[in-house]
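Trainee: Before I ask anything, let me first share the structure, which is written out below as structure tokens.
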6 protein chains.
Amino acid sequence: MRPGGRTAGQIRPITITRNFTCHAEGSVLIEVGNTKVLCNATVEEGVPRFMKGEGKGWVTAEYSMLPRATHTRSQREAARGKQGGRTMEIQRLIARALRAAVDLKMLGENTITVDCDVIQADGGTRTASITGACVAIADALAWMRKKGIINNNPMKCMIGAISVGVYKGEPVADLEYIEDSDAETDMNVVMTDTGKLIEVQGTAEGEPFSFEEMSQMLELAKQGLVEVFDAQKKALA
Amino acid sequence: MRPGGRTAGQIRPITITRNFTCHAEGSVLIEVGNTKVLCNATVEEGVPRFMKGEGKGWVTAEYSMLPRATHTRSQREAARGKQGGRTMEIQRLIARALRAAVDLKMLGENTITVDCDVIQADGGTRTASITGACVAIADALAWMRKKGIINNNPMKCMIGAISVGVYKGEPVADLEYIEDSDAETDMNVVMTDTGKLIEVQGTAEGEPFSFEEMSQMLELAKQGLVEVFDAQKKALA
Amino acid sequence: MRPGGRTAGQIRPITITRNFTCHAEGSVLIEVGNTKVLCNATVEEGVPRFMKGEGKGWVTAEYSMLPRATHTRSQREAARGKQGGRTMEIQRLIARALRAAVDLKMLGENTITVDCDVIQADGGTRTASITGACVAIADALAWMRKKGIINNNPMKCMIGAISVGVYKGEPVADLEYIEDSDAETDMNVVMTDTGKLIEVQGTAEGEPFSFEEMSQMLELAKQGLVEVFDAQKKALA
Amino acid sequence: MRPGGRTAGQIRPITITRNFTCHAEGSVLIEVGNTKVLCNATVEEGVPRFMKGEGKGWVTAEYSMLPRATHTRSQREAARGKQGGRTMEIQRLIARALRAAVDLKMLGENTITVDCDVIQADGGTRTASITGACVAIADALAWMRKKGIINNNPMKCMIGAISVGVYKGEPVADLEYIEDSDAETDMNVVMTDTGKLIEVQGTAEGEPFSFEEMSQMLELAKQGLVEVFDAQKKALA
Amino acid sequence: MRPGGRTAGQIRPITITRNFTCHAEGSVLIEVGNTKVLCNATVEEGVPRFMKGEGKGWVTAEYSMLPRATHTRSQREAARGKQGGRTMEIQRLIARALRAAVDLKMLGENTITVDCDVIQADGGTRTASITGACVAIADALAWMRKKGIINNNPMKCMIGAISVGVYKGEPVADLEYIEDSDAETDMNVVMTDTGKLIEVQGTAEGEPFSFEEMSQMLELAKQGLVEVFDAQKKALA
Amino acid sequence: MRPGGRTAGQIRPITITRNFTCHAEGSVLIEVGNTKVLCNATVEEGVPRFMKGEGKGWVTAEYSMLPRATHTRSQREAARGKQGGRTMEIQRLIARALRAAVDLKMLGENTITVDCDVIQADGGTRTASITGACVAIADALAWMRKKGIINNNPMKCMIGAISVGVYKGEPVADLEYIEDSDAETDMNVVMTDTGKLIEVQGTAEGEPFSFEEMSQMLELAKQGLVEVFDAQKKALA
């Protein structure tokens, strides 16, 4: 039995609120159970220096936890003077995933930056960020079309993400914090709504995992993502 | 006529939501018009090194704007590797103000840190932070009493803050962004609910201001703060 | 009785020495009692990036205490790798105040930077910095006219600053360190020599202060600043 | 045909030189084709603060590329003043992987730090680092036994790592730089010599990958790792 | 002919003012021609961590140029967030030199830090710093004896420093800025008043120098230092 | 008797391996006894901003110790977030020395950066770096001629470096670590193969040294450098 009473493959309810704040070109609050992430997409003219003149756009992301998003307060990274390794790792993952959803050539020399700020954490903040950020990008691209900055839709597909893992010897989907902190294996899966993989990151936190468990986790991820894509579609309808 | 159609002394509606997030000992979302600040109070055992052994507690604060709380995206301070001067100045102001509300001896050797994170900005983020943080501290102190960490209430008084200024030659209260960015003078006033001053910071952004205008602004602040204290009381009722 | 035997409104002797060092376009040592600040104004062509092409100049300031300007040695900020919050707050105050004294359009696209380095501290270093820096800017502007960089005088007025406070229940002017560290309220007032206010920063360090005390402190500041402007005029004569 | 003329599953020759430098408790130079990484294991008494008193040891790793390990010079991270996101991500991966190989309780309150410095890069530096670091740890543990610091062998298993990917539509093993920079998918697999998985990180750099390709890559990794474990065994014989 | 009309071996007038500021245990302003350096010695209980428990003291130094000590303004190191290589190199030299003058065992577990802040620069700031700092240390040690912290005098000898160089093909002593910036060779010599060498740093800025020139420069340094030691003795008399 | 059984003037065997890595334009591993430094020269178009448009090139160097090049592990400077004073001092020395060997005008507006990374340290790493870097530059210049970037050879002379010192009262050449850490005086001498001096840095670590010892050390350096230049010539033959 899982702590929250869910079955192995059952994921938590997902709520996606668009236009959560008023300034960003795309602003989405995603709630996955008690995990809440604000995903703000900003459109800016121009691209980073290393890409200038290639006629392509850029999509990037930044991730941060508010200091008290968690059970105990973590030091503010701005006060420490640097972003931690975990933050770096996560925002690189989010950015890579989002770039897979967008046709950078169709974007023109424009940059979309998605800020994923975790308001409240209960496991799965990086996957919630990706799922929410994809909706924020959809809104930002709609804004660009409305403003006449682009004429077509550079969105190649929707992408969603979910965490799966091995908890007390059993593969489970969408781990909440209490499970995550105690899981033998933790795996994040990013997929397109066309059923292809963007990123798979599986880590043995305790015991190594078998190829068999790897397959089971992938299968659970695939099933869970059906609901993730549904939640995105409902929000964008 | 002010941009939002308000009279000179009219302040924007204030909404204070307690328990906005679930982990902090005090968690308040304060909305003042379109300005929204999340104020999370954290209680931790111990005090900073320079105070150890004095038998007194400490109250401090950190302030940050989410990168897209504003019309255009500002660079994330954690990514830049340092907090800007404006952030430093504001969080020092908030912390000083809050310390005036708490009897540090009654707090014992414990620290309360209030994180004020601006979700959406439309002028007056530092004064909204102070008003909201004071409620978050009240909740954190109640939590401490409930846990038996303290027996009495170290809260000496409630404190509230408001911005006033001179806009198009006329003293006005509670400037929104469009007024603030164009005001001749900007003044932040922090007061106790017993009618005494904690902090007055008046700055001529354009033209210098007269002693007469100074008095008028203080008077407007005093009046506006009546509603601020009302909003706090209603929230804590 | 005040520690130094002064009356409530009596300020310390002020000495302003021009051309204290030989390289800066304006170089002023200001002594207010035992407080000694070296204010060096540098003229440079060009303006910060965010102002380019607007045809206006810029005035800014930096503030620092030598490590042993105080009773005990404070760590060198360059060695710590960042400027502290107090330094940031003070240099922002100085810079804002100085900009109020200069017509930036008449300055052309040039920048004046005033470095205020505290050689010896005994209270009131930020107000002494403002008073001294204003004289250094006057000299720098004279240098610019002599070099033909500008033809008119962009100085709109002289500005001076003074600290006032409530010490042992009584409003006093120009607090020295021993008073300042023990005062209930500390207030810095920046004024033009035409009697208008540039900045008012009052802080309750201990007890909150009344609106009555606020008025008394402003009045003391006004009186004390008469001597400050006299000292400036004498120095520039 | 692959650029180097290898078949899809063929990996590059691996050379592991022990005692490459004389000071470290374990010092290994691993060469995988043209990729050369120096892995130095250091044994130190004590553990990081957050682990003190738990009676367990710690294993960690740091990773760096010499500035000219690559085709063009990259800026030295020490000169830039911070480690980049890629470095952080990689050294976190290496450290997690190594911890899976060691029984931390048997290690006692001691720390092993493995420094993986890339002398020359031609793809697969992070997987080569893991494979080489595991041998360096084996030597460091032998040193600890010889010194009487520990009595048993905390090594639970050997671990090895390999990169696989999809290059020009075909799954291949052990990508060299020219393939890696052009691959559709890049996946790093860390495995125990008992056939279990420690970490799987697959990333679509260009096109998303199918579940079918995922399986094929895992299979190639498994095969390639046979030779990796052989090379380790030979080196340790 | 040298720019200032001096002969090859002639050094500039030296003025040493003790008790220049009031807080430091030793406070010396040294003027060598137009070069002015404030040397403040601070006595603190305790030693750096790596020396604890050895029963010995420590002497260290920090060096900084005020931003406008030079012809053009240099960026403040505290604002840049790090000390430059030149600063580091110089303060290491000063500290090493000063340690050679003090018997660290007789100092007990106390630390003397000398802050050398260049008020005005005209060549030879590092050598002036050493000469002035030695006097400041003498005063700080006297203060320690007076306070009963030590009973004897840990000063083993006085040390002084001078720059020499090859300017327009001719060895000269005590280069001022205009010579220094154009010299073929620049050499700093630190000596004890007992005629022994502490540090010799000769650098070919333009042309390499011969062993013959090396000897000539050392000879000039020895002669010039006679006057340096005289100035110290006069100041301390 | 010296610890390694060498005579006072006897230097350790020198091995210089060219093309040690494959990407750099010049790549040299220099071994002096147990000291091993990898010197990689990189050629890049352009010069630092402060030199643009002068038609001259630039030569610079960076120095670093791998964390475990020494008996105990030193913290990685990239992880600490800054380069230490020792590193700064050494890389400035190396860069200055190398610039003395190259005619910057003949180099055109190109930059050569030499990265000196110490793989294993046993005394004399900075002098080994200079000796090895000079060979790496020779190779880099040959590469430039081959590529047609330059037509002539900007190498004015070869430069080599050696450490000498006073150990147990006797002047000795080429100190290994065990001597260096215990020497009274340590001196680094950089010379051209035409017998002129580039840099002399002598430091009394313990007792001050006499002018007589200074001469003896210089003489030993001169003799030892004969072998250094031989090793360079042999390597480049």
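Trainee: Of a type outside the set (Phe, Trp, Tyr) and closer than 21 Å to residue B:138 by Cβ: which single residue out of B:16, B:90 fits that description?
Mentor: When all the criteria are applied, what remains is B:16.
Trainee: Continuing with the same structure: Those residues that are without any contact (Cβ under 8 Å) to a residue 24 or more places away in the chain and not basic (Lys, Arg), I need them from region B:60-70; list them, please.
Mentor: The answer is B:67, and nothing else.
Trainee: Additional query: Of all residues in region F:41-61, count the ones that are out of contact with any Leu (no Cβ under 7 Å at 6 or more places or on another chain) and buried (at least 24 other Cβ atoms within 10 Å of the Cβ).
Mentor: Counting residues in region F:41-61 that are out of contact with any Leu (no Cβ under 7 Å at 6 or more places or on another chain) and buried (at least 24 other Cβ atoms within 10 Å of the Cβ) gives 1.
Trainee: Do you know which of the residues in region C:1-38 that are touching a Ser or Thr at 6+ places or on another chain (Cβ under 9 Å) and among the basic types (Lys, Arg) is farthest from residue C:171 (Cα to Cα)?
Mentor: By that ranking, first place goes to C:18.
Trainee: If you take the residues of region B:195-217 that are surrounded by fewer than 22 Cβ atoms within 10 Å (Cβ to Cβ) and within 17 Å of the chain's Cα centre (by Cα), which of them is nearest to residue C:98 (Cα to Cα)?
Mentor: B:201
Trainee: Considering only region C:46-73, state which residues are over 24 Å from residue C:122 (Cβ atoms) and within 13 Å of chain E (Cβ to nearest Cβ).
Mentor: C:46, C:60, listed by residue number.
Trainee: Restrict the check to region A:27-45 and report whether at least one residue is more than 11 Å from every other protein chain (Cβ to nearest Cβ), of a type in the set (Gly, Ala, Ser) and out of contact with any Asp or Glu (no Cβ under 7 Å at 6 or more places or on another chain).
Mentor: Taking every residue of region A:27-45 in turn, none turns out to be more than 11 Å from every other protein chain (Cβ to nearest Cβ), of a type in the set (Gly, Ala, Ser) and out of contact with any Asp or Glu (no Cβ under 7 Å at 6 or more places or on another chain).
Trainee: On the basis of being on the phi < 0 side of the Ramachandran plot, at the interface with chain C (Cβ under 10 Å from one of its Cβ atoms) and crowded, with 24+ Cβ neighbours inside 10 Å, does residue E:76 make the cut?
Mentor: It is false that residue E:76 is on the phi < 0 side of the Ramachandran plot, at the interface with chain C (Cβ under 10 Å from one of its Cβ atoms) and crowded, with 24+ Cβ neighbours inside 10 Å.
Trainee: Restricting attention to region C:140-156, and to residues there that are under 22 Å from the mean Cα position of the chain (by Cα), free of Cβ contacts under 8 Å to residues at least 60 places away in the same chain and in a loop (DSSP other than H, G, I, E, B), which single residue is farthest from residue C:209 (Cα to Cα)?
Mentor: Ranking the candidates gives C:153 first.
Trainee: Still on this model: Six or more apart or on different chains, Cβ under 9 Å: which pairs go from a residue in region F:38-59 that's aromatic (Phe, Trp, Tyr) to one that's assigned to a strand (DSSP E or B)? Could you list them?
Mentor: As it stands, the answer is F:58/F:110; F:58/F:111; F:58/F:112; F:58/F:113, since those pairs meet every condition given.
Trainee: With respect to residue E:131, is the statement that it is away from chain C (no Cβ under 13 Å), out of contact with any helix residue (DSSP H, G or I) (no Cβ under 7 Å at 6 or more places or on another chain), over 21 Å from residue C:117 (Cβ atoms) and buried (at least 22 other Cβ atoms within 10 Å of the Cβ) true?
Mentor: Taking the combined requirement at face value, the residue does not satisfy it.
Trainee: Can you name the number of the only condition in (1) in a helix (DSSP H, G or I); (2) in contact with a Pro (Cβ under 9 Å, 6 or more places away or on another chain) that residue B:130 fails?
Mentor: For residue B:130, the failing item is (2).
Trainee: Only one of D:81, D:55 is over 27 Å from residue D:110 (Cβ atoms) and of a type in the set (Gly, Ala, Ser); which?
Mentor: Only one candidate passes the filter, namely D:81.
Trainee: Consider region C:172-203. How many of its residues are within 13 Å of another protein chain (Cβ to nearest Cβ), in contact with a helix residue (DSSP H, G or I) (Cβ under 8 Å, 6 or more places away or on another chain) and not acidic (Asp, Glu)?
Mentor: 13
Trainee: Quick check on this structure: which one of C:21, C:7 is within 12 Å of chain E (Cβ to nearest Cβ), of a type in the set (Ser, Thr, Tyr) and more than 15 Å from the chain's Cα centre (by Cα)?
Mentor: Selected residue: C:21, the only one of C:21, C:7 that is within 12 Å of chain E (Cβ to nearest Cβ), of a type in the set (Ser, Thr, Tyr) and more than 15 Å from the chain's Cα centre (by Cα).
Trainee: Let me ask something else about it. Which one is nearest to residue E:60 (Cα to Cα), of the residues in region E:100-118 that are aliphatic (A, V, I, L, M) and under 14 Å from the mean Cα position of the chain (by Cα)?
Mentor: Within region E:100-118, the first condition is being aliphatic (A, V, I, L, M), and the residues that meet it are E:100-102, E:104, E:106-107, E:112, E:114, E:118.
Now drop any that are not under 14 Å from the mean Cα position of the chain (by Cα), which leaves E:100-101, E:114, E:118.
On the way: E:100: 11, E:101: 12, E:114: 6, E:118: 17 Å.
It comes out as E:114.
Trainee: Conditions: (1) more than 14 Å from every other protein chain (Cβ to nearest Cβ); (2) assigned to a helix (DSSP H, G or I); (3) surrounded by 15 or more Cβ atoms within 10 Å (Cβ to Cβ); (4) without any contact (Cβ under 8 Å) to a residue 60 or more places away in the chain. Residue C:227 meets all but one. Number of the miss?
Mentor: (4)
Trainee: Run residue C:142 past the list (1) more than 14 Å from every other protein chain (Cβ to nearest Cβ); (2) touching a Lys or Arg at 6+ places or on another chain (Cβ under 9 Å); (3) hydrophobic (A, V, I, L, M, F, W, C) and report the number of the one that doesn't hold.
Mentor: (2)
Trainee: Right, here's the next one. Which of the following residues is on the phi > 0 side of the Ramachandran plot and in contact with a Leu (Cβ under 7 Å, 6 or more places away or on another chain): B:108, B:123?
Mentor: B:123 is the lone residue from the list that is on the phi > 0 side of the Ramachandran plot and in contact with a Leu (Cβ under 7 Å, 6 or more places away or on another chain).
Trainee: Output the residue which, of all residues in region B:80-102 that are touching a residue at least 40 places away in the same chain (Cβ under 8 Å) and charged (D, E, K, R), is farthest from the other protein chains (Cβ to nearest Cβ).
Mentor: Among those residues, the one meeting the criterion is B:99.
Trainee: Mind counting the residues in region B:103-122 that are surrounded by 22 or more Cβ atoms within 10 Å (Cβ to Cβ) and more than 13 Å from every other protein chain (Cβ to nearest Cβ)?
Mentor: Here the count works out to 1.
Values quoted throughout were computed directly from the atomic coordinates according to the rules given, and no laboratory measurement underlies them. Just so it is clear, the structure is predicted and the values come from calculations on it, not from any experiment. Neighbour counts run over all protein chains shown; Cβ positions are idealised from the backbone, glycine included.
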